[in-house]
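What follows is a set of notes on a single structure, which appears directly below.
The values are calculated or read from the model by the stated rules, or taken from the named source; none is laboratory data. These numbers were taken from a predicted model, which means no experiment stands behind them. Because the Cβ atoms are built from the backbone with ideal geometry, glycine has one as well, and the counts that use them run over all protein chains shown. All accessible areas refer to the heavy atoms of the entire protein, side chains included, with ligands and DNA or RNA removed. Shrake-Rupley method; radii C 1.70, N 1.55, O 1.52, S 1.80 Å.
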Amino acid sequence: MSDNESRKRAAREFQAANPGTSYTRALRQVSHGRIRRPLAAVLGTGLDGRAVEVNLEWESRGGSGPHCVVVDDEVSSLLAVLAAGLAAGQAPGDLELVLCAGEDVRLQVTHYRRVDAGELAEIVDELLQSRYEFFRSIGARDIEDARRHGHQVPTTVVLIEDTDGIWARSQELAHWLRVGRSAGFNLVVGTPIAPPTALTSADDMSPALVLERVVHTATLGNGLLASMTTAAIFNRGEGRGTLRTRGRWDGVRRVQGPDVLTDFDFTPRGARLGELGI
């Protein structure tokens, strides 16, 4: 097989793994010799028996990102599940995790950076500044431009256990939300709020509206965080969860599709699931 045919086949495989990616973009990606794994995490098994995953890539890359809210009585286990899923299969240098949470939160991943709440703002700002300086040094506009020119730049996922709702109201979080896309930063905010006991069977409102109310409470009315949180994961207890993703934009009709709600059973099961407290 010729090199040209190999690149064409690799581009089609890249498109299959990254729904929504144009053939031209896929060909450009594989031509630089590196294919980055999508920022996706398998959460569990759906009612149809298929794997349910959350993809924190931007919608233009086939995902439901870039940011996510997780809601649970105790978000530590849910943050651990999400972090482990995101890290699975990532190549060295493609992903870095920053965790700001209580000492009881332990991530089942090889490498991550733990920071205290008092130092989170300074450290994230330093990481952003370093990323911008690197872009300037190579003449790149943003992370996508740097990657198009063959540079390996990691996606940085910042996981925050927002126990008291302080971060959801902070100016720092608002700033990171605004600049996150160009720099390659994704935010996961975990809020310990007990969700409704019957997320999918409310008497006076649709399930999507129930979950929207929960997200609104979790973000404490932070309009920016709520608007940029296109994925939300809810632990419903007893090993069950619900993933809410935003409906796709219909460019022809120029309307936003309804939210998509997916019920699933968390994995892994058994003893490890118990250890995670789910």
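Roughly how many percent of the accessible protein surface of region 18-149 is carbon and sulfur, given a 1.4 Å probe and a whole-percent answer?
Answer for region 18-149: carbon and sulfur cover 49 percent of the accessible area.
Taking amide hydrogens as modeled 1.01 Å from N in the peptide plane, which residues meet the under 5 Å criterion relative to ASP259, leaving out close sequence neighbours?
Under 5 Å from the amide H of ASP259 lie the amide H atoms of GLY247, each far enough along the sequence or on another chain.
Considering amide H positions built from the backbone, and no H for Pro or chain starts, which residues 5 or more places from VAL52, or on another chain, come under 5 Å of its amide H?
LEU43, GLY44, THR45, GLY46
Given H placed on each backbone N at 1.01 Å, which residues far from ARG114 in sequence or on other chains put an amide H within less than 5 Å of it?
Those qualifying (amide H under 5 Å, at least 5 residues apart or on another chain) are LEU99.
Would you please put 124-130, 69-75 in order of how densely packed they are, using the mean number of other Cβ atoms within 10 angstrom per residue and starting with the highest?
Going from most to least packed, we get 69-75, 124-130.
Tell me, what HN-Hα J-couplings in whole Hz come from the Karplus equation 6.51 cos²θ - 1.76 cosθ + 1.60 at θ = phi - 60° for each residue of region 258-263, using x for Gly and Pro?
In residue order, the calculated couplings are x, 4, 9, 10, 10, 7 Hz.
Once you have the Cα-Cα distance between TYR112 and SER22, take 0.36 nm times their residue separation minus that, and quote the gain in nm to one decimal.
29.1 nm
How would you classify region 25-142 from its alpha-carbon gyration tensor, with a ≥ b ≥ c the square roots of the eigenvalues: rounded for a/c under 1.5, else prolate if a/b is greater than b/c, otherwise oblate?
oblate
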